[in-house]
Amino acid sequence: MSFLEIVIITIMINYILSFLWNTKSMDLALGFFAFLFILGASSWFNLPVLHKIMVLIGNVLIIAIIVIFQPELRGALSKLSFKGKRHREMSEVDKVLDQLALSVYRMSEKRIGALILLENEDSLEEYARKAVSLHAEFSSELLETIFSNNTPLHDGAVIIRDKLILAAAAILPLAEESSQITKSMGTRHRAGLGISQICDTIVIVVSEETGKVSIAREGIMTRGIKIDRFKGVIRSIFNPPPKTGSHDKFNLIQWLKS
């Protein structure tokens with residue numbers, strides 16, 4: 001074994017030992033390139049002993065890296081998802097919509113009145129500023145607590161933006177006279193219908209008297225919606241299929257009317 005090989009092997013062993021006590025990402029990258037450099041140099045300068053040691057160490061390091069850095073590798077592989085960031089964001093929105101559906105129909109069973117606005121393209125900031133600001137991450141427990149009769153926030157509307165409960169106790173304009181208004185409509189339903197007439201928000205109303213769930217959008221309110229249809233309507237709005245023509249919006253409204 002030549003003196004050069006002894007020096008290189010000594011430096012390499014020292015680095016490997018120090019690496020075991022300092023496993024930072026930059027150290028790992030530098031160590032990997034250093035290993036490749038030494039492996040190539042041992043072959044280029046015809047250093048057979050060093051080359052053999054490097055090959056043996058390489059075989060061991062492959063297994064060692066997989067075992068030691070399993071959490072980091074798993075995290076890195078998860079970021080390579082072909083579904084992409086948009087899919088992950090929509091999956092998170094789907095979870096919120098599922099929790100929302102469960103909350104709405106739990107309140108429906110208990111006949112707890114509720115008025116919920118799901119912000120769409122049109123901003124509801126004007127109404128949120130005049131309400132009680134929350135900016136809290138959505139949870140079904142929080143939503144149901146807000147509408148409990150013994151809380152000061154149960155009157156008015158809750159505004160939800162993406163995965164946040166933006167505000168509570170929001171005051172909304174009442175609906176103008178239209179064919180949608182009936183004598184059985186209370187203030188909560190009139191307010192829900194009213195806000196839907198002036199912006200594209202999706203309004204969910206739970207009747208305190210009957211427990212029935214209604215959805216209002218673009219001045220049209222559909223009452224007595226069951227949970228399966230509720231999920232379908234909400235998902236069709238927030239996860240719409242690719243548009244194929246100008247009649248998609250018209251078809252959705254027709255479905256809500258049916």
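No lab work stands behind these numbers, since they all come straight from the coordinates. Since this is a predicted model, take the numbers as computed values, not measurements. Heads up, the Cβs are rebuilt from the backbone with ideal geometry, glycines too, and the neighbour counts pull from every protein chain shown.
Could you list the square roots of 5 times each eigenvalue of the Cα gyration tensor of region 97-230, that is, the equivalent ellipsoid semi-axes, sorted largest first and rounded to whole Å? Walk me through the numbers before you get to the answer.
Numbers: eigenvalues 76, 63, 38 Å².
Sorted largest first and rounded, they come to 20, 18, 14 Å.
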Listing Phe238, Phe33 by rising number of other beta-carbon atoms within 10 angstrom, fewest first, gives Phe33, Phe238
Neighbour-count ranking for Phe37, Phe147, Phe3 (other C-beta within 10 angstrom, fewest to most) reads Phe3, Phe37, Phe147
1/(1 + (r/R0)^6) with r = Cβ-Cβ of Ala64 and Asp162, R0 = 51 Å, i.e. FRET efficiency to nearest 0.05, evaluates to 0.75
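For region 125-187, build the convex hull from the C-alpha positions and give me its volume per residue in Å³. Could the numbers behind the result be given before it?
Numbers: hull volume 7.1 nm³, N = 63.
Taking the convex hull of the Cα positions in region 125-187, it is 113 Å³ per residue.
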